[in-house]
1. Any chance you could count how many residues in segment 388-405 are among the hydroxyl-bearing types (Ser, Thr, Tyr) and either in contact (Cβ under 8 Å) with a residue 40 or more places away in the chain or not assigned by TED's automatic domain parsing to the domain that holds Lys423 (or both)?
2. Any residue at all in segment 364-379 that is among the aromatic types (Phe, Trp, Tyr), buried (at least 16 other Cβ atoms within 10 Å of the Cβ) and assigned to a helix (DSSP H, G or I)?
3. Within segment 404-422, identify whether any single residue is in a loop (DSSP other than H, G, I, E, B), modelled with pLDDT of 90 or more, exposed (fewer than 13 other Cβ atoms within 10 Å of the Cβ) and in contact with a helix residue (DSSP H, G or I) (Cβ under 7 Å, 6 or more places away or on another chain), and answer yes or no.
4. Please enumerate the residues belonging to segment 387-402 that are at pLDDT 90 or above and outside any loop (DSSP other than H, G, I, E, B).
5. Taking the options Ile169, Ile118, name whichever one is at pLDDT 90 or above and at negative phi.
6. Taking segment 314-344, which residues are among the small types (Gly, Ala, Ser) and free of Cβ contacts under 8 Å to residues at least 60 places away in the same chain?
7. Glu292 - would you say it is in the same structural domain as Glu240 (by TED's automatic domain parsing), assigned to a loop (DSSP other than H, G, I, E, B) and among the charged types (D, E, K, R)?
Amino acid sequence: MKKIAIIGKPNVGKSSLFNRIAKQRIAITSDFSGTTRDIREHEVEILGKSCKILDTGGLDDSNELFTNVRKKSIEASQKADIIIMMVDGKMLPSDEDKKIFYTLQGLGKPLALVINKIDNDKEMQRAWEFSEFGAQTVFPISVSHNRGVTKLLEWMASYLPQEENELVIEEDEDNFDMDDFLKDESKIEEEIQKVETNEINIAIIGRVNVGKSSLLNSLVGEDRAVVSSIAGTTIDPVDENIAYKDKVLNFVDTAGVRRRSKIEGIEKYALMRTNAMLENADIALLVLDSSEPFKELDERIANLADKNSLGVIIVLNKWDIRLEDYKESIDEIRDRFKFLAFAPIITVSALSKQRVFKIKDLILEVYENYARRIPTSKLNEVIKKATIRHQLPADKTKRVKIYFATQYDVKPPKIALVMNRPKALHFSYKRYLLNKLREAFKLDGTPVLMYPRAKGEKDESIEA
């Protein structure tokens, strides 16, 4: 599938054009220069032809972060089949613009100079200023007003291959076998189901500058995310997937989280995207920095995983420059993150790739537990033994009974306790039952949600 890269300096409208072509708000857009930092790739249809569109970061060398962003953007243009060079029509052409254009022209690929922010006919005269580039293909447009975009799309489509017509074989009605047809349909449905359940969505969360992007790069085996020493480098969530054993691991490197008082500019958009990603995730890799003391903000971020009932793996990064020894670090984590007592802890160094390979197997183990379905008979056997060993406290002299337990959902495991007095179940006794379930069944890394309900009450009424 052919790729189209949108290249240009910061704040010329690249992400807005990307969203216009994709027909949805995927990339974060704002008036802040340098909003896009990582390469965002999305499959789209342009006039009925499929392709991939690449939204790149602005070409700027003002600091370490933007130097890295520029490097990624140039690499994207080299891998693309078609290049869109965008400039700001409200600004005069600069020597830097010309230099970028001539560099892209030297790649020998279809190249269009797109002059954005030409909002009306009166502003067309500014577009003529860019004639000194000597570009053969020029499109004055206004993405915000959807002006001139159609002609640009037609030009893109002219370089995309025509979709092959679907081959249709007409069956002879006399030889048509309905049983065979239904069997084939059944097989197709089974395959679709396998594909749908074969993916694991993993969100990488943590404070700014704890090494989330470095961890993503180490996990996928390439420099997918921009890395720099500047806190808050990642803004748009960066997603990448890899095949591992019999699963597809979808990683999302989310924006780093700061204290609310320090959140400014485009970071508020990033936080909104982070929350949206967590809603669709199965597992959270909670990245902590072992080279400095843990902070209260680490706990607040961990609460995001707890709030979304995700499987959790605690990744203690920068272990090669750790502040404390292993026992002290683990003890502090277990003390600070009591609500994540079920989460396994792994020490790594994302930069040197020390032990990073073990995370993939750990993800598979946690996901298996996260999607575990416990047989009803075994579940009730454990609950019964637990209640015999330690009886339920009475409710104002009234006896409290658990009739039976049933698991009604997975991801994470959700268990209903059918009782005579569900409101009388004390949280400490529920915790006791959950601990007994964890002892009996392999449930490391996953929360287990338990809800008491009255006999005859439907599972739908239980609020997760």
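The values are calculated or read from the model by the stated rules, or taken from the named source; none is laboratory data. Bear in mind the structure is a predicted one, so any value in this text is a computation, not a measurement. Note that each Cβ is placed from the backbone with ideal geometry, even for glycine, and that neighbours are counted across all protein chains shown.
1. Start the filter on segment 388-405 by keeping residues that are among the hydroxyl-bearing types (Ser, Thr, Tyr), which leaves 397, 403.
Remaining after also requiring either in contact (Cβ under 8 Å) with a residue 40 or more places away in the chain or not assigned by TED's automatic domain parsing to the domain that holds Lys423 (or both): 403.
Matching residues across segment 388-405 total 1.
2. Residues of segment 364-379 among the aromatic types (Phe, Trp, Tyr): 367, 370.
Okay, now just the ones that are also buried (at least 16 other Cβ atoms within 10 Å of the Cβ), so 367, 370.
Then keep just the ones that are assigned to a helix (DSSP H, G or I); that gives 367, 370.
Checked segment 364-379: at least one residue is among the aromatic types (Phe, Trp, Tyr), buried (at least 16 other Cβ atoms within 10 Å of the Cβ) and assigned to a helix (DSSP H, G or I).
3. no
4. Thr387, Ile388, Arg389, Ile402
5. Details: Ile169 fails: at pLDDT 90 or above.
Of Ile169, Ile118, the one residue that is at pLDDT 90 or above and at negative phi is Ile118.
6. Narrowing segment 314-344 to residues among the small types (Gly, Ala, Ser): 329, 341, 343.
Answer for segment 314-344, where residues must be among the small types (Gly, Ala, Ser) and free of Cβ contacts under 8 Å to residues at least 60 places away in the same chain: Ser329, Ala341.
7. On the way: in the same structural domain as Glu240 (by TED's automatic domain parsing): yes; assigned to a loop (DSSP other than H, G, I, E, B): yes; among the charged types (D, E, K, R): yes.
Here the answer is yes, as Glu292 does meet what is asked.
To keep it simple, each residue is scored yes or no on (1) among the hydrophobic types (A, V, I, L, M, F, W, C); (2) surrounded by 13 or more Cβ atoms within 10 Å (Cβ to Cβ); (3) assigned to a strand (DSSP E or B).
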position	(1), (2), (3)
Lys72	no, yes, no
Glu75	no, yes, no
Gln78	no, no, no
Ile83	yes, yes, yes
Met86	yes, yes, yes
Pro93	no, yes, no
Asp97	no, yes, no
Phe101	yes, yes, no
Leu104	yes, yes, no
